[in-house]
Amino acid sequence: MTDAIAADHRTPKLQLAIETTGRCGSIAILRGQEVLQATNLPETTRTAASLAVYLDEILGRHRDGSQPIELVSVADGPGSFTGLRIGVTTAKSLCYALKVPLVAVDSLAAVATAVFHDNIEAQSVCVGLDAYRQQVFAGCFGRSELLGTPDRLAPNWTPHPPQVKVLSASQWEAFLSELGQANNRETTADGIGSTTDLRSINPTELNAGVTQFRSDTQAFPPAGISASAREQWFAAGDEKPFQQSRLTMLRRRCDAIGVGLLAARAFKQGLTTDPLALIPRYLKPSAAEEKAQQEPA
């Protein structure tokens, strides 16, 4: 296994990005920030059955050694329990086989990054993924927070932003209400009169509230979300969590692109992962574990 610490983090690497956290996965090939290829796995076939086939096809183009894969990245959660295990295990196996470094990134941050990549007008996005059992994986992100210039990232930049949480259905509903109010707050600042203001909150302000939520699950959403930043919140992720929301849902072409773009920045910062230590980030117990916890001893 190549020592990730000894890897040259200055040179853009030919990277294989893997995302299998949802119903259907995706893979992409990137060199630095350039997307060379992006493929969504078929929705009609389970990821476990289709991932190996598509990987064999895409890796076959690099077997002659002229353009070897030099970096593997993967979304390590949260998301589907089965999908996460498939993606993480595949990424770890490839790193051992190819003797290349591994980078793991947050699933929701990858979705947001893919949205920002494909929608240049979006500056702030709320990502919601169906966590089932009346729960939602939630996170809000700003473009500059995730896609800052690779050479000028904030000192505390991370491919695993801390604001990603599991919300109950009631917490999620209240949160969407706050975002909706911010997006539609009336203003008379222009002196013309009351108008619909599609300018919303600063991700930094929201994350400050989420910091409180980390220690008190009842404190979400933060009260008094302001509209000081002149930006509109968009929605991304699964459609189900946003069925009652008025946020505009943005499509993303391929989530693996988001994985790769975040991983390229992480690798440049030396934020690699030991394949032996990588485990999926579920953020919640499985249905079987919850049942076991509820049963009397």
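The values are calculated or read from the model by the stated rules, or taken from the named source; none is laboratory data. The shown structure was predicted, so the numbers you read here are calculated from the model rather than taken from an experiment. Using ideal geometry, Cβ is built from the backbone for each residue, glycine included, and neighbour counts are taken over all protein chains shown.
Below is a table of values for the structure above.
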| item | result |
| --- | --- |
| Conditions (1) closer than 19 Å to residue 267 by Cβ; (2) surrounded by fewer than 17 Cβ atoms within 10 Å (Cβ to Cβ): number failed by residue 73 | (2) |
| Some residue of the range 220-230 being over 30 Å from residue 101 (Cα atoms), surrounded by fewer than 17 Cβ atoms within 10 Å (Cβ to Cβ) and at pLDDT 90 or above | no |
| Conditions (1) over 20 Å from residue 237 (Cβ atoms); (2) surrounded by fewer than 19 Cβ atoms within 10 Å (Cβ to Cβ); number of the one not met by residue 100 | (2) |
| Restricting the range 128-178 to residues that are β-branched (Val, Ile, Thr) and crowded, with 21+ Cβ neighbours inside 10 Å, the residue that is nearest to the chain's Cα centre (by Cα) | 164 |
| Tally of residues being under 13 Å from residue 19 (Cβ atoms) and modelled with pLDDT under 95 across the range 238-267 | 2 |
| Residue in the range 7-46 that is surrounded by the fewest Cβ atoms within 10 Å (Cβ to Cβ), counting only those that are β-branched (Val, Ile, Thr) and modelled with pLDDT under 85 | 44 |
| Enumeration of residues in the range 129-176 that are closer than 13 Å to residue 262 by Cα, polar (S, T, N, Q) and at pLDDT 90 or above | 144, 158 |
| Selection within the range 113-137 - closer than 21 Å to residue 80 by Cα, among the aromatic types (Phe, Trp, Tyr) and touching a Leu at 6+ places or on another chain (Cβ under 6 Å) | 137 |
| Which numbered condition residue 83 fails, given (1) touching a strand residue (DSSP E or B) at 6+ places or on another chain (Cβ under 8 Å); (2) buried (at least 18 other Cβ atoms within 10 Å of the Cβ) | (1) |
